[in-house]
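J.: Shown below is the structure under consideration.
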Amino acid sequence: MALISLRVSDEVAAEFSVLAATQGGKSALLRRLIADALAAPEPRILTLPVGRPEKVTVRFRESEMRQLAEVSHQRGMTRTGWIVALVRSRLGSPVQHSPNEHDELRAIVRELNRIGGNINQIARAANTSVLQGRAVETDLPAIREAKLVIETELARLRNALHGNADYWDGRR
């Protein structure tokens, strides 16, 4: 069996260790990630736009124009910027989040990571109590449910930050 090694920052290594602890260990998680990456479908087109921009004219009904104006305004974007972001996301290019969306998503990810750190501290304290011979009462179903919710939300946020515009319109 071949060995693959790499260097990452101490912070990334610590975060990966925390995640890996819930996934069967670092080696198991790395094997799964590599297998998933190899099984991933090829991108449909180049992920980075190439060439000079060209103009495209699209016609919308009056009601659609109002909706476009409203939605793009809510996102802090121009109509054109929002339409371009949606089209690019369907073509496989990174979506363009508004500055407010990007800041809010990053804040949510940071908060979820803090929650994960708190959970690890609780687990460490519980393990220490067990090693010292003290009984620890745990509500395992509640802990598993909280863990599942956090993992699901982190995955959805990562997808959103990596340009998945489908996340916003509820199709994911």
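J.: Out of curiosity, is residue 61 basic (Lys, Arg) and modelled with pLDDT of 90 or more? Reasoning before the result, please.
T.: Details: basic (Lys, Arg): yes; modelled with pLDDT of 90 or more: yes.
Spelling it out, residue 61 is indeed basic (Lys, Arg) and modelled with pLDDT of 90 or more.
J.: Just for region 1-41: of the residues that are in a helix (DSSP H, G or I) and of a type in the set (S, T, N, Q), which one is least open to solvent (accessible area, probe 1.4 Å)?
T.: So the first thing to find is which residues in region 1-41 are in a helix (DSSP H, G or I), and the list is 10-21, 26-39.
Within this subset, residues satisfying the condition of being of a type in the set (S, T, N, Q) are 17, 27.
Values: 17: 44, 27: 72 Å².
So the residue we want is 17.
J.: Enumerate the pairs (first residue in region 59-84 and under 18 Å from residue 100 (Cβ atoms); second residue anywhere and acidic (Asp, Glu) and surrounded by 16 or more Cβ atoms within 10 Å (Cβ to Cβ)) with beta-carbon separation below 7 Å, excluding pairs fewer than 6 apart on the same chain, so at least 6 apart or on different chains.
T.: Pairs that qualify, where the first residue is under 18 Å from residue 100 (Cβ atoms) and the partner is acidic (Asp, Glu) and surrounded by 16 or more Cβ atoms within 10 Å (Cβ to Cβ), are 75/101.
J.: Of all residues in region 49-71, how many are surrounded by 11 or more Cβ atoms within 10 Å (Cβ to Cβ) and assigned to a loop (DSSP other than H, G, I, E, B)?
T.: Count: 2.
J.: What are the pairs with Cβ atoms under 8 angstrom where one residue, in region 118-137, is closer than 18 Å to residue 14 by Cβ and the other, located anywhere, is assigned to a helix (DSSP H, G or I) and charged (D, E, K, R)? Sequence gap at least six, or different chains.
T.: 119/147
J.: Using beta carbons and a limit of 7 Å, which pairs, at least six apart or on different chains, have the first residue in region 21-36 and closer than 19 Å to residue 116 by Cβ and the second one open to solvent by 70 Å² or more (accessible area, probe 1.4 Å) and at pLDDT 85 or above?
T.: Going by the 7 Å Cβ cut-off, the qualifying pairs are 29/19.
The values are calculated or read from the model by the stated rules, or taken from the named source; none is laboratory data. Since we're looking at a predicted model, the values are computed, not measured. Methodologically, a virtual Cβ is constructed for each residue, glycine included, from the backbone with ideal geometry; neighbour enumeration extends over all protein chains shown. Remember, those area values only see protein heavy atoms, side chains included, never the ligands or the DNA or RNA. Shrake-Rupley method; radii C 1.70, N 1.55, O 1.52, S 1.80 Å.
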